[in-house]
Amino acid sequence: MGRLFTLWGYIRRYKYMVALVIFLLILGVLDENSLWVRYQRQVEIGNLHQEIDKYQAQFDAETAQLQALETDPVAVERLAREKYLMKRDNEDVFVFMDANEYQIRTTAQKADSLPVTKPDSTGLRPQV
């Protein structure tokens, strides 16, 4: 009982300091809108803004590529050669890739349908 009176006397003497410590504890970590939670949300918002910027840059690049494909036949031919490994009748194409890339491409080609084998306006045919 003596310790309880000692504690009560200490709290009465430093009541403003105790109130300030309790207030800072609630404000800092215990509340659902505490400073720690606000900091974590600010970090998450910053990460989301970086992700938005990344996707905006990707969108701009792909929009420019789409515009080039719609207007430039050379860009269409370049895409057909690089992505679909197409070639002209009088050409030989050699593709160098490591084993992992080869396995990824063959699995993707099995999953997707292969491009039409009929030549298009550029005269390119798929490589056999």
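At-a-glance table
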| item | result |
| --- | --- |
| Label-point gap, in nm, between TYR55 and LEU85 - each point 7 angstrom along Cα→Cβ | 3.3 nm |
| Between the stretch 36-75 and the stretch 1-23, the alpha-carbon center distance in angstrom | 56 Å |
| Pairwise Lys count, the chain - Cα closer than 26 Å, eight or more residues apart or different chains | 6 |
| Kyte-Doolittle mean at least -1.0 and Cα axial length at least 30 Å: DSSP H helices in the chain | 35-71 |
| Residue of GLU77, GLU91, GLU101 that the Gaussian network model of the chain assigns the largest fluctuation, springs spanning Cα pairs under 10 Å | GLU101 |
| Relative contact order, percent, the chain [alpha-carbon distance under 8 Å, six or more residues apart] | 18 percent |
| Gaussian network model of the chain, Cα within-10 Å springs - most flexible of VAL18, VAL37, VAL93 | VAL18 |
| Whether the stretch 17-62 is rounded, prolate or oblate, judged on the alpha carbon gyration tensor where a/c under 1.5 counts as rounded | prolate |
| Residues MET17, MET1 arranged by fewest to most Cβ contacts within 10 Å | MET1, MET17 |
| Computed [θ] at 222 nm, deg cm²/dmol, the chain (DSSP H ≥ 4; -39,500 (n - 2.57); rounded to nearest 500) | -22000 deg cm²/dmol |
| Reported label for calculated Kirkwood radius over Cα pairs in Å given [x] 15.1; [y] 16.1; [z] 21.7 | [z] |
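Each value in this text was obtained by applying a stated rule to the coordinates, not by laboratory testing. Being a predicted model, the structure only gives us computed values, none of them experimental. Neighbour counts run over all protein chains shown; Cβ positions are idealised from the backbone, glycine included.
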